[in-house]
Amino acid sequence: MRVHVVSDVHGNSEDLGKAGDGADALICLGDLVLFLDYADHSRGIFPDLFGVENADRIVELRTARRFEEAREFGNRLWEGLDRRAAIESAVRRQYAELFAAFPTPTYATYGNVDIPSLWSEYARPGLTVLDGERVRIGGLVFGFVGGGLRSPMRTPYEIDDETYAAKIVALGDGVDVLCTHIPPDVPELCYDTVARRFERGSSALLEAIHEVRPRYALFGHVHQPLARRMRIGATECVNVGHFASSGTPWALEW
């Protein structure tokens, strides 16, 4: 069996359409939406609405961890606009293109910038969406948990630690491959060397790795991690990469 795994697609529908080539299945660990590209400030919903100069400014503030200033700056830009309607319209355009690119079969979970309530409208036959659920692929049990934890960024699908931990527990024992959007709470796996900040990892996920001892723990979220992979006990922990920039899936064979 060969499964390809991607995460942090962020609008890269062209490469997503080829990501399943040569594999028995594709796994997507979320973040389909591109709101703002930190490498190219001209791409995404934010610059489409407010221009590159304003995108430059908000990236500057966020990179400096001046989150309150960034939030106030963004709020001023949104004055007089229907924020929810504008974002949903832009997300729908991206989802229509991205969901059409998914190969069959695909198994997917949500990222922190996704809007789960919209996924059912775009999911086609051959796409299985899982969150706090498990599925058997080629004899192995894969457990999926989507979303991110509360952060100063206030992205759309952030949940509290207790709710996230409950989804981890719901997977139960006997999981061979843990598939999540965010990493376990290990500094080397959570630090982004370009954004120069720690992203939030899950202590509940780390605990499950120690207790359940899956063969693999696969995740994304941190685009340029200090460490892309690390062994924790019996488990190989792998950041499958920032698919938006690489366009290359990570391959799992057994």
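The values are calculated or read from the model by the stated rules, or taken from the named source; none is laboratory data. As the structure is a computational prediction, the values presented were derived from the model and not from experiment. Positions of Cβ are generated from backbone atoms using ideal geometry, with glycine treated the same way; all protein chains shown enter the neighbour counts. Keep in mind that these areas ignore ligands, DNA and RNA; they rest on the heavy atoms of the full protein, side chains included. Shrake-Rupley method; radii C 1.70, N 1.55, O 1.52, S 1.80 Å.
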Every residue in the range 221-234 that is buried (at least 21 other Cβ atoms within 10 Å of the Cβ) and either part of a strand (DSSP E or B) or touching a His at 6+ places or on another chain (Cβ under 6 Å) (or both), please. H221, H223, P225
When restricted to Y157, Y164, the only residue modelled with pLDDT of 95 or more and open to solvent by less than 20 Å² (accessible area, probe 1.4 Å) is Y164
For residues that are closer than 15 Å to F219 by Cα and in contact with a helix residue (DSSP H, G or I) (Cβ under 7 Å, 6 or more places away or on another chain), scanning just the range 123-146, find the one that is surrounded by the most Cβ atoms within 10 Å (Cβ to Cβ). V145
Condition test on L26, is it in contact with a Pro (Cβ under 8 Å, 6 or more places away or on another chain), under 24 Å from G147 (Cα atoms) and free of Cβ contacts under 8 Å to residues at least 24 places away in the same chain? no
Scope the range 51-66; condition open to solvent by 30 Å² or more (accessible area, probe 1.4 Å), among the hydrophobic types (A, V, I, L, M, F, W, C) and assigned to a helix (DSSP H, G or I); matching residues: V52
Within the range 107-150, residues among the hydroxyl-bearing types (S, T, Y), over 15 Å from the mean Cα position of the chain (by Cα) and assigned to a strand (DSSP E or B) come out as T128
Tell me, yes or no, whether the range 172-192 has at least one residue that is among the small types (G, A, S), in contact with a helix residue (DSSP H, G or I) (Cβ under 7 Å, 6 or more places away or on another chain) and touching a residue at least 24 places away in the same chain (Cβ under 8 Å). no
So which residues in the range 95-121 are buried (at least 20 other Cβ atoms within 10 Å of the Cβ) and touching a Pro at 6+ places or on another chain (Cβ under 8 Å)? Y110, N112, V113, D114
